[in-house]
């Protein structure tokens, strides 16, 4: 209304991450800078080993940067204490993995309900909320099926429902179609698009597929050897 630019949801500034093998430094990210606005799908493209997953892990609070800043809703992750990072992981971000990471012994309903348990949702509300989330991703008829009884696309839908459980500010999707065939991949991308367009959910999409990234995102960066090589 007053012409003030919107403050980005996430601001990454000169972010670097190195690992050490003995005394040998192995850089995974080098001086990465970009910003993600609320309500957009932001794509990060790169081959295996380019630093994409490392970047998502840092934003998700699963790892610590060597240098630089991650500002999430005007809060600096590097200054957060362990308890604050745990809350960030639980409520600010929802993570979707290439390998689904579902608990094999639990049903679809139980996998989603467990995330709600960690989020402090009372038991009497968990089942209703879990059913709503699984309906939202098109799995209302597969509530009692375990991961081994689901197709790859169905398992990823459960994972997406689980990621949405505690109303995160952003979905971090790490190669969400990497283990799926082309038709199922298109269905999962369409689901993510619908969540973004209908619910306004911010999505950070990591992919090796430049074509998919450009199809779904106005904002795309490409990583190579830990560095942004184009905008």
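Odds and ends about this structure:
- When the test is whether a residue is within 18 Å of residue 206 (Cα to Cα) and either at pLDDT 95 or above or in contact with a strand residue (DSSP E or B) (Cβ under 9 Å, 6 or more places away or on another chain) (or both), residue 157 passes it.
- Residue ID - surrounded by the fewest Cβ atoms within 10 Å (Cβ to Cβ), chosen from residues in the range 191-221 that are touching a helix residue (DSSP H, G or I) at 6+ places or on another chain (Cβ under 8 Å) and part of a strand (DSSP E or B): 220
- Search result, residues across the range 112-149 that are assigned to a helix (DSSP H, G or I), closer than 24 Å to residue 197 by Cβ and out of contact with any strand residue (DSSP E or B) (no Cβ under 9 Å at 6 or more places or on another chain): 112, 129, 130, 131, 132, 133, 134, 135, 136
- Residue in the range 74-88 that is within 15 Å of the chain's Cα centre (by Cα) and touching a residue at least 40 places away in the same chain (Cβ under 8 Å) present: no
- Residue 69 vs. criteria free of Cβ contacts under 8 Å to residues at least 24 places away in the same chain, farther than 21 Å from residue 193 by Cα and outside any helix (DSSP H, G or I): no
- Sub-7 Å Cβ pairs linking a first residue in the range 15-34 that is without any contact (Cβ under 8 Å) to a residue 12 or more places away in the chain to a second residue that is surrounded by 12 or more Cβ atoms within 10 Å (Cβ to Cβ) and assigned to a strand (DSSP E or B), at least 6 apart or interchain, are 19/28; 25/18; 26/18; 26/19, ordered by first then second residue.
- Screening residue 158 on (1) assigned to a helix (DSSP H, G or I); (2) surrounded by fewer than 19 Cβ atoms within 10 Å (Cβ to Cβ); (3) touching a helix residue (DSSP H, G or I) at 6+ places or on another chain (Cβ under 7 Å); (4) in contact (Cβ under 8 Å) with a residue 24 or more places away in the chain shows it passes everything except condition (2).
- Filter result for residue 139 (touching a residue at least 12 places away in the same chain (Cβ under 8 Å) and farther than 28 Å from residue 52 by Cα): yes
- Within the range 83-109, restricting attention to residues that are assigned to a helix (DSSP H, G or I) and in contact with a helix residue (DSSP H, G or I) (Cβ under 8 Å, 6 or more places away or on another chain), the residue that is farthest from residue 127 (Cα to Cα) is 85.
The values are calculated or read from the model by the stated rules, or taken from the named source; none is laboratory data. If you're wondering where the values come from, they're calculated on a predicted model, not measured in any experiment. Because the Cβ atoms are built from the backbone with ideal geometry, glycine has one as well, and the counts that use them run over all protein chains shown.
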